[in-house]
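Notes for the one structure printed next.
The values are calculated or read from the model by the stated rules, or taken from the named source; none is laboratory data. Note that the structure is predicted; figures quoted are calculated from it, not measured. Neighbour counts run over all protein chains shown; Cβ positions are idealised from the backbone, glycine included. These accessible areas exclude ligands, DNA and RNA; they are computed on the full protein's heavy atoms, side chains included. Shrake-Rupley method; radii C 1.70, N 1.55, O 1.52, S 1.80 Å.
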Amino acid sequence: MSSVSAQSTSVAPATTQFGEVLYREVIPAGGRWSRRLEPGERLRIIDLEGQQAVDFLCYSPALPLDRINIPNTVKLNRSLYITEGCKIYSDHAKVMFTVVEDTCGFHDTLAGCCSNEIDLVRYGVVKTKSCRANFIAELAEWSMGPSEIVSNINFFMRVPFSEDGSVVIGPGVSNAGDHVELLAEMPVIAVLSNCPQENNPASGFKPTPIEVIVYKK
């Protein structure tokens, strides 16, 4: 079976408090990142300064393509929020990741990613930076196009909802140093957009850097 092409940067493995670190990088405010992980590898996403939303997608590297499916993830976890112990499911109901650590709790599955187009509609501003733009650019590195962008998880983002169905993007509740850690359960490509949003409180109205660490215990 053929595979999606990959372009990825690695660092030499090093033994640290995390175990064998395969990759470590600080992603600047508004930046993007992706990497292929193998089963048993862990992805730790660290909110360095607090209140910084991180948009997340993931894909199987095998063809035909299988990818994150938010409705399956919500139904099978029986929760609209993602937190420690939850599993991230694919279109084919395969477990792609398990959330093994979470110091923040209750990450969003409702609001999707910001885009230049929706920011024009919502806020009347013309932008060239957005999570959708980041996803388009990052997926191109893996020979995937905009049509492969689906509903995503927003780590460290709080979107409360009421009984009548009303939803609102609320202020982030993550503190500096909070992290979420994902265990790869299959070969998987993880894609991140460090949200550049400045017009709602998803990133505290001032986007900040995050850190990603890929390691094996």
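Please compute the length gained on full extension between LYS206 and GLU49, using 0.36 nm multiplied by the number of residues separating them and subtracting their Cα-Cα distance.
Answer, rounded to one decimal: 55.5 nm.
Compute and list, largest first, the equivalent-ellipsoid semi-axes of the range 17-132 from the alpha carbon gyration tensor, each √(5λ) rounded to a whole angstrom.
Equivalent ellipsoid semi-axes, largest first: 24, 20, 16 Å.
Any idea which of LEU120, ILE70, TRP142 is furthest toward the positive side of the dipole for the range 43-142, if Lys and Arg beta-carbons carry +1 and Asp and Glu beta-carbons -1?
Selected residue: ILE70.
Which lysines have a Cα lying under 18 Å from the Cα of LYS129, excluding residues fewer than 8 positions away in the same chain?
Correct list for LYS129: LYS206.
Sequence-distant or interchain residues sharing an amide H contact under 5 Å with ILE27, placed H: which?
Close amide H contacts, sequence-distant or interchain: ILE210, GLU211, VAL212.
Between LEU65 and THR83, what is the label-point separation in nm under the 7 Å Cα-to-beta-carbon projection?
3.3 nm
For the range 97-144, what is the accessible area per residue in Å², given a 1.4 Å probe and the full set of protein chains?
Details: 2210 Å² over 48 residues.
Computed with neighbouring chains in place, this is 46 Å² per residue.
Which residues does a label at ARG122 reach in the range 140-179, if reach means a backbone N under 18 Å from a point 7 Å past the Cα toward the Cβ?
150-162, 165-174
Under unit Cβ charges (Lys, Arg +1; Asp, Glu -1), what dipole magnitude, rounded to 20 debye, does the range 56-192 have relative to its Cα centre? Walk me through the intermediate numbers first.
Working: 10 positive and 16 negative charges, 52 e Å.
Result for the range 56-192 is approximately 240 debye, rounded to the nearest 20.
Per residue, how much accessible area does the range 164-217 have with a 1.4 Å probe, in Å²?
On the way: 1970 Å² over 54 residues.
On a per-residue basis, 36 Å².
With just the Cα atoms of the chain, tell me how far they stretch along each of the three principal axes, in Å, largest first.
Over the chain, Cα extents along the principal axes are 44, 38, 35 Å.
Considering only protein heavy atoms and a probe of 1.4 Å, how much of the accessible area of the chain is carbon and sulfur, as a whole percent? Spell out each step's value before the answer.
Numbers: 5090 of 9650 Å².
Taking all protein chains in place, the chain shows 53 percent carbon and sulfur surface.
Relative contact order, percent, of the chain when contacts are C-alpha pairs under 8 Å separated by at least 6 residues?
40 percent
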